[in-house]
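Quick notes on the structure that follows.
The values are calculated or read from the model by the stated rules, or taken from the named source; none is laboratory data. Since we're looking at a predicted model, the values are computed, not measured. Backbone-built Cβ (ideal geometry, glycine too); neighbour counts: all protein chains shown.
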Amino acid sequence: MRPQDRENWRYSTGSGNPIDIEENVLFSLLPKHDKGKLLDVGCGVGTISLELKKRSFEVYGIDFSSVATQKAKRKGINAIECNVDKDGIPFEDNYFNVVWAGDVVEHVFDPIFLLKEMGRVVKPTGKILLTVPNDMNLIKRTYIFITGKSPQSGIYRALNQCKHHTMFSLELLEYMLNEASLSPYHIYSIVKIPKLSKKRFSKSRMLGMLFGSVFIVEAHK
């Protein structure tokens, strides 16, 4: 199945874009003033875009799936079908006050190109907010060491595919942000300590590196 057909099938069967703790952290990092235009990269069916619109932003969305963008349009989102790997972000320089990319960067083939595109379309005084998974936390590394299995083994066995093309660590994330000239930046995390089921927001670099499941980035250019 072609990637685009797979995404269309997924969204046509009811897949959505749930709001979890990391999205709520990103909501808290949104500018309180000078809201203006916001781009939701990988907007899906527009669930998060709609929440951003409720916060008084003029929201635009781009997504790989035509099914998803049609559903987003029905929610009142300015959604455009777009292959960012092939075409980049189809907006002019310095167009947006905020660029939002939740759970997206790990899915593209050239993350640094996408990060540079995000930096290109955001205003000099704007902000980039994004999340990526921490694929090299202590729990995952221990599992790999003990079992000898690839981090992608489970998803291939379950779905015969793996949509994450980059396995992120804190070191690699920082390298890519620097290569894309997105600075200054702050990296936070959602951590889950073993035997404690509750996820927690953390600003600690060490906790995020060891126990973080998701990295949260607040960046400028």
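When region 73-101 is filtered for residues that are polar (S, T, N, Q) and under 26 Å from LYS32 (Cβ atoms), the ones remaining, listed by number, are ASN78, ASN94, ASN97.
Scan GLY102, GLY126, GLY88, GLY119 and give me the residue that is touching a Lys or Arg at 6+ places or on another chain (Cβ under 6 Å) and not hydroxyl-bearing (Ser, Thr, Tyr). The conditions single out GLY119.
Does GLY46 satisfy being surrounded by 18 or more Cβ atoms within 10 Å (Cβ to Cβ), among the small types (Gly, Ala, Ser) and touching a residue at least 60 places away in the same chain (Cβ under 8 Å)?
Numbers: surrounded by 18 or more Cβ atoms within 10 Å (Cβ to Cβ): yes; among the small types (Gly, Ala, Ser): yes; touching a residue at least 60 places away in the same chain (Cβ under 8 Å): no.
Against the criterion (surrounded by 18 or more Cβ atoms within 10 Å (Cβ to Cβ), among the small types (Gly, Ala, Ser) and touching a residue at least 60 places away in the same chain (Cβ under 8 Å)), GLY46 does not qualify.
Among all residues of region 11-29, there is none that is in a strand (DSSP E or B) and among the charged types (D, E, K, R). Looking across region 67-82, the residues that are within 15 Å of ASN17 (Cβ to Cβ) and touching a helix residue (DSSP H, G or I) at 6+ places or on another chain (Cβ under 7 Å) come down to VAL67, ALA68, LYS71, ALA72, LYS75, ILE77, ALA79. Residues that are among the β-branched types (Val, Ile, Thr) and crowded, with 23+ Cβ neighbours inside 10 Å within region 70-88 comprise ILE77, VAL84, listed in sequence order. Candidates are the residues of region 99-109 that are within 16 Å of LEU182 (Cβ to Cβ) and part of a loop (DSSP other than H, G, I, E, B); the one that is nearest to the chain's Cα centre (by Cα) is VAL104.
When ASP85, ASP5, ASP40, ASP93 are screened for being farther than 30 Å from LYS192 by Cβ, among the acidic types (Asp, Glu) and touching a helix residue (DSSP H, G or I) at 6+ places or on another chain (Cβ under 7 Å), only ASP93 passes.
Could you identify the single residue in SER153, SER204 that is modelled with pLDDT of 95 or more and surrounded by fewer than 17 Cβ atoms within 10 Å (Cβ to Cβ)?
Every option except SER204 fails the conditions.
Within region 30-44, the set of residues being farther than 15 Å from LYS75 by Cβ and either assigned to a loop (DSSP other than H, G, I, E, B) or at pLDDT below 95 (or both) comprises LEU30, PRO31, LYS32, HIS33, ASP34, LYS35, GLY36, GLY42.
How many of the residues in region 151-169 are without any contact (Cβ under 8 Å) to a residue 12 or more places away in the chain and more than 23 Å from ARG6 (Cα to Cα)?
The qualifying residues number 0.
Residue check: GLU174 meets all listed conditions (1) under 17 Å from the mean Cα position of the chain (by Cα); (2) in contact (Cβ under 8 Å) with a residue 40 or more places away in the chain; (3) over 19 Å from PHE27 (Cα atoms); (4) surrounded by 13 or more Cβ atoms within 10 Å (Cβ to Cβ) but one, namely (2). The residues on offer are ILE48, ILE112, and the sole one that is closer than 19 Å to ALA180 by Cβ and either of a type in the set (A, V, I, L, M, F, W, C) or in contact with a helix residue (DSSP H, G or I) (Cβ under 6 Å, 6 or more places away or on another chain) (or both) is ILE112.
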